[in-house]
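What follows is a set of notes on a single structure, which appears directly below.
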Amino acid sequence: MGRTNESSETAKYCFAEAIKQLMATTALDRIPVTAIVARSGLARQTFYRNFRDKYALVNWYFERLVVDSFHQMGISCTLQEGLERKFMFIRQEYVFFLQAFRSQDSNSLVRYDFDMIYGFYRDVIVRKTGVALSDDVDFLLRLYCHGSIRMTVEWVLDGMPLSPRDISILLVEALPERLKSLLSDLAVEIPQIPR
């Protein structure tokens, strides 16, 4: 039986390390929670106290790796610099992202990444303009976010042929003109995501 007195944050990182080790040899969709629990040395109920499933664990770990890059945009770095940081984190955790982006589950990291960046950009635009997104700007933003995520996935699955700097520059260049003007100056107060 696993240890049950672990702090929640420590336990989460323990489960993240366990799933990363398993992902080095097994596709994410084929890893059972029992294997994650066994590898972590913690109790099954500790896992379910922290995560509803393995995809929630992957999404939590992703957020820890890259969310700070987004929160620095407009505070100490530009959109391009924030994206570059995100891609550097992805490169450092290549096996994790390779397996996570291969997943076909409806709760996959691809969907989570879209929801996170769409929400981030939407909130930046609303804070900057003081009004809700119009339908046409929302359409452009969703289109851009879907394309950005798709290109990120391709970049990872293709072995990261571009440098983090080069792919981040290209993604900024791909912004539709109307979004460029709305996201060109990200000097807005960005709330931290609760940890």
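The values are calculated or read from the model by the stated rules, or taken from the named source; none is laboratory data. None of these values were measured; they are calculated from a predicted model. Cβ coordinates were reconstructed from backbone atoms using ideal geometry, including for glycine residues, and neighbour counts include every protein chain displayed.
Structure summary
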{"item": "Contacts under 8 angstrom Cβ, first residue in segment 1-28 being among the basic types (Lys, Arg), partner modelled with pLDDT under 95 and part of a loop (DSSP other than H, G, I, E, B), 6 or more apart", "result": "LYS20/GLU93"}
{"item": "Failed item in (1) assigned to a loop (DSSP other than H, G, I, E, B); (2) in contact with a Lys or Arg (Cβ under 6 Å, 6 or more places away or on another chain), with ALA18 passing the rest", "result": "(1)"}
{"item": "Residue count, segment 89-113 (criterion: surrounded by fewer than 17 Cβ atoms within 10 Å (Cβ to Cβ) and in a helix (DSSP H, G or I))", "result": "5"}
{"item": "Breaking point among (1) assigned to a loop (DSSP other than H, G, I, E, B); (2) at pLDDT 95 or above; (3) among the hydroxyl-bearing types (Ser, Thr, Tyr), for TYR144", "result": "(1)"}
{"item": "Residues of segment 27-41 that turn out to be over 21 Å from the mean Cα position of the chain (by Cα) and part of a loop (DSSP other than H, G, I, E, B), as a count", "result": "2"}
{"item": "From VAL110, VAL124, residue being modelled with pLDDT under 95, in the same structural domain as VAL66 (by TED's automatic domain parsing), in contact with a Gly (Cβ under 8 Å, 6 or more places away or on another chain) and of a type in the set (A, V, I, L, M)", "result": "VAL124"}
{"item": "Some residue of segment 123-145 being among the aromatic types (Phe, Trp, Tyr), under 18 Å from ALA174 (Cα atoms) and under 15 Å from the mean Cα position of the chain (by Cα)", "result": "no"}
